Amino acid sequence: MDQTALLDAERRAASGDSEARLKLARFHEGRGDFIAARRCLEQGAAAGDVAAKTALGQLFLVRPGMPVADGIRLIVEAAQSGGAEAAHQVAVFAAAGAGIAQDWTTAFDFLQRAAELGHPRARSSLEIFAGQRGNAAAETRDHWKAVRQAIDLQKWLTPPPAKSARQSPRIWIVEKFLPVEVCNWLIERARPKMGPARVYDKNTAEGNIEEARTNSFTDFNIIENDVVLCMVRQRIATATGLPLGGMEHTAVLHYSIGQQFKPHFDFLDPNIPAYAKEVAERGQRVSTFLGYLNDGYEGAETDFPRADWRYKGGAGDAMFFSNVELSGAPDRQSLHAGLAPTRGEKWLLSQFIRGQRSP
């Protein structure tokens with residue numbers, strides 16, 4: 001935004017123009033001036049602007065030091081006032097159990113409401129759940145009610161059983177864990193956000209770009225989340241027997257020809273001070289869940305060199321493994337690598353799950 005456009009946006013925002021206010025807030029946020037963005041949105045929220053109230057709530061949720069509880073309250077209020085984006089966000093809250101009690105009926109109530117209000121992702125999500133993608137019926141309120149009623153919630157909440165594949169390390173396979181439509185949904189959600197994958201730095205416990213890992217990566221925070229992804233996470237929790245509350249942000253990985261992630265561990269070594277501090281605060285990474293999202297490539301197996309075992313799932317299949325022994329100590333047999341494709345490209349869902357904290 002050049003100076004002339006900035007002055008014009010400031011003038012229109014000051015006169016109560018909702019669109020200009022949001023544009024100005026996004027400009028400030030893009031520059032990293034979150035205080036100015038907050039101030040701008042607070043003016044709109046105070047004037048009863050539903051879009052500003054929603055955007056302010058989302059800002060509070062994703063920026064460190066902001067009042068998270070106020071963010072949830074603002075978004076719930078905006079949803080009750082007829083905001084489509086806010087209704088979709090509340091559906092995610094209810095599906096994830098984030099800020100409000102987890103309740104799938106509430107989640108689908110708000111997802112239906114967001115669809116009726118024209119929210120594109122809410123509409124696509126309902127179609128995914130109902131198995132009615134590309135339905136040409138008139139998009140009326142009755143239409144979205146019928147789509148919602150066609151959803152077999154219990155079927156979605158019940159993934160196929162996990163089958164033990166190895167004892168050292170402990171590895172399980174879940175065949176046909178996800179429908180192909182959901183795999184495609186996750187790929188398309190991730191594609192515009194992909195960037196270089198990072199490796200945990202043992203000194204800082206932060207992510208660095210390193211030669212050992214050359215694939216690309218993205219993850220989804222609570223604002224970028226959707227009910228489809230929440231359902232995937234719920235199915236992971238059911239399949240693994242591990243709690244939703246231990247899950248980190250869900251990631252999607254992409255490997256082009258020649259890209260790889262060399263042998264590594266996913267546990268956090270408590271003998272390294274930075275990792276020990278994180279384990280004490282957030283818990284150990286006890287399990288890694290991998291969902292295979294596409295076919296049509298060669299190579300690119302998940303390799304466990306110390307177990308002399310490799311796995312290559314088809315689209316929709318999944319594999320998860322324990323990063324720790326039954327005692328809770330790091331399992332060094334869990335050393336693994338993402339091998340490079342020799343033809344085509346590989347898409348993979350990755351979910352770290354935290355467990356016990358240090359005493």
Tell me whether region 246-265 contains one or more residues that are among the hydroxyl-bearing types (Ser, Thr, Tyr) and at pLDDT below 95. no
With a cut-off of at least 3 residues that are closer than 23 Å to residue 220 by Cα and either touching a residue at least 24 places away in the same chain (Cβ under 8 Å) or among the polar types (S, T, N, Q) (or both), name the strands (runs of 3 or more DSSP E) lying wholly within region 248-359. 251-255, 285-292, 318-322, 346-354
Given the conditions (1) in contact with a Leu (Cβ under 8 Å, 6 or more places away or on another chain); (2) in a loop (DSSP other than H, G, I, E, B); (3) within 19 Å of residue 186 (Cβ to Cβ), and given that residue 160 satisfies all but one, which numbered condition is not satisfied? (1)
Of the residues in region 238-247, those that are in a strand (DSSP E or B) and free of Cβ contacts under 8 Å to residues at least 24 places away in the same chain come to none
Looking at region 112-122, which of its residues are surrounded by 20 or more Cβ atoms within 10 Å (Cβ to Cβ) and more than 13 Å from residue 229 (Cα to Cα)? 112, 113, 114, 115, 116, 119
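Each row is one residue, and each column tells you yes or no for (1) surrounded by fewer than 18 Cβ atoms within 10 Å (Cβ to Cβ); (2) modelled with pLDDT under 95.
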{"site": "153", "(1), (2)": "yes, no"}
{"site": "156", "(1), (2)": "no, no"}
{"site": "159", "(1), (2)": "no, no"}
{"site": "174", "(1), (2)": "no, no"}
{"site": "181", "(1), (2)": "yes, no"}
{"site": "196", "(1), (2)": "yes, yes"}
{"site": "210", "(1), (2)": "yes, yes"}
{"site": "218", "(1), (2)": "no, no"}
Which condition from (1) surrounded by 14 or more Cβ atoms within 10 Å (Cβ to Cβ); (2) free of Cβ contacts under 8 Å to residues at least 24 places away in the same chain; (3) in the same structural domain as residue 125 (by TED's automatic domain parsing) is the one that residue 142 breaks? (1)
Please determine, by comparing only the residues of region 241-278 that are small (Gly, Ala, Ser) and at negative phi, which one is surrounded by the most Cβ atoms within 10 Å (Cβ to Cβ). 246
Please verify whether region 196-216 includes one or more residues that are part of a helix (DSSP H, G or I) and under 19 Å from the mean Cα position of the chain (by Cα). no
Being within 30 Å of residue 178 (Cβ to Cβ), outside the structural domain of residue 249 (by TED's automatic domain parsing) and not in a loop (DSSP other than H, G, I, E, B) is the requirement here; does residue 129 meet it? yes
Pick out the one residue from 48, 57 that is assigned to a loop (DSSP other than H, G, I, E, B) and not assigned by TED's automatic domain parsing to the domain that holds residue 246. 48
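The values are calculated or read from the model by the stated rules, or taken from the named source; none is laboratory data. Predicted model, so just to flag it, every value in this text is computed and none were measured. Methodologically, a virtual Cβ is constructed for each residue, glycine included, from the backbone with ideal geometry; neighbour enumeration extends over all protein chains shown.
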